[in-house]
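Following: one structure in structure tokens, then a few remarks.
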Amino acid sequence: MPDIKPQVYKDPRPAAHFPRFHERARTHDPDWVYDVARIVLTPPALLVYRARAIGTHHVASAGPLILAPNHFSQWDHFFAGIYLRRRVRFMAKSQLFSNPAIKFIFRHGGAFPVRRGFHDEEAFKTAYAILDRGGCLLMYPEGGRSRSGALGEPRPGVGRIALESGVPVVPVAIHGSLGVRKWRKGRFPKVTIQYGEPMTFDVVPSPSRERQLEVATQIFERVREMYGALEEKGRRGVIKSLREGIGARTEHQVPAGQHR
């Protein structure tokens, strides 16, 4: 099966096209659209992709927080949030803000655009506004989907936000979502989402790019470690290791809104 289409990295539309999306994201929380999307997408995530989570107790139920997962599939936004009881906000590449239906879903579901390939300060301002309101922000350290089928390399963006905000960062490993993109008939992927312990960094008002990248690398190294363990041991093996190694409480989680 062919891989995803060649990437068009830069959006040709001017920056003036996007302020209305940022304004709403900075002043409004996700609304009923987020809940409807959760209801619609949860059954296929659980039944088709067999998504399960490990370590959701590492994600605080309130207060500003950054989720930093790896990225293989367009479903990763949803996989990262399905087992959390709070609404997750995320940066989405600006090219996605074109179809009227998608724009409506994104605006009301809490997403906001980032113009990749440009110095998009508006996206960072929106990210800080969300965190100032106590929101949960998802940001991919790799900056976009991996094209190679392997984990990519971190970019400095998540390091900058972590340093300038001082907000805890939860590294997240999403294993199996590559199979969503490269689905083969009769073979459905088994997706596991593991949340690591929060990482915090001393606030630096204007960190150098080198320091931003250093912090982003530290965050993503933890993602690599968790992803590698899932690759090597599988979901059950990782859960067993956690239980035996650190005496963790039950790690196999149920989706938000459901009960054991």
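Would you confirm, using the coordinates I've provided, whether Pro156 is within 27 Å of Gly228 (Cα to Cα) and in contact with a Leu (Cβ under 8 Å, 6 or more places away or on another chain)?
Criteria met by Pro156.
Under the condition of being open to solvent by 50 Å² or more (accessible area, probe 1.4 Å) and at pLDDT 90 or above, which residue from the stretch 130-156 is nearest to Ile174 (Cα to Cα)?
Ranking the candidates gives Glu153 first.
Those residues that are in a loop (DSSP other than H, G, I, E, B) and surrounded by fewer than 19 Cβ atoms within 10 Å (Cβ to Cβ), I need them from the stretch 88-124; list them, please. Before you say what the answer is, go through the steps one by one.
Of all residues in the stretch 88-124, those in a loop (DSSP other than H, G, I, E, B) come to 97-99, 110, 115-120.
Once the filter is applied, which keeps residues that are in a loop (DSSP other than H, G, I, E, B) and surrounded by fewer than 19 Cβ atoms within 10 Å (Cβ to Cβ), the stretch 88-124 yields Ser98, Asn99, Gly117, Phe118, His119.
Among Ala60, Ala127, Ala68, Ala51, which is the only one that is aliphatic (A, V, I, L, M), in contact (Cβ under 8 Å) with a residue 40 or more places away in the chain, buried (at least 23 other Cβ atoms within 10 Å of the Cβ) and under 20 Å from Met199 (Cα atoms)?
None of the other options fit; the residue is Ala68.
So which pairs qualify, if the first residue must be in the stretch 164-181 and of a type in the set (Val, Ile, Thr) and at pLDDT 90 or above, the second must be part of a strand (DSSP E or B) and open to solvent by 30 Å² or more (accessible area, probe 1.4 Å), the Cβ gap must be under 7 Å, and the two must be at least 6 apart or on different chains?
These pairs meet every condition: Val169/Met199.
Please go through the stretch 69-83 and pick out each residue that is hydrophobic (A, V, I, L, M, F, W, C) and either at pLDDT 95 or above or in a helix (DSSP H, G or I) (or both).
Phe78, Phe79, Ala80
The values are calculated or read from the model by the stated rules, or taken from the named source; none is laboratory data. Here the structure is a predicted model, which is why all the values come from computation and not from measurement. Using ideal geometry, Cβ is built from the backbone for each residue, glycine included, and neighbour counts are taken over all protein chains shown. Accessible surface is based on the protein model in full, side chains and every heavy atom, while ligands, DNA and RNA are left aside. Shrake-Rupley method; radii C 1.70, N 1.55, O 1.52, S 1.80 Å.
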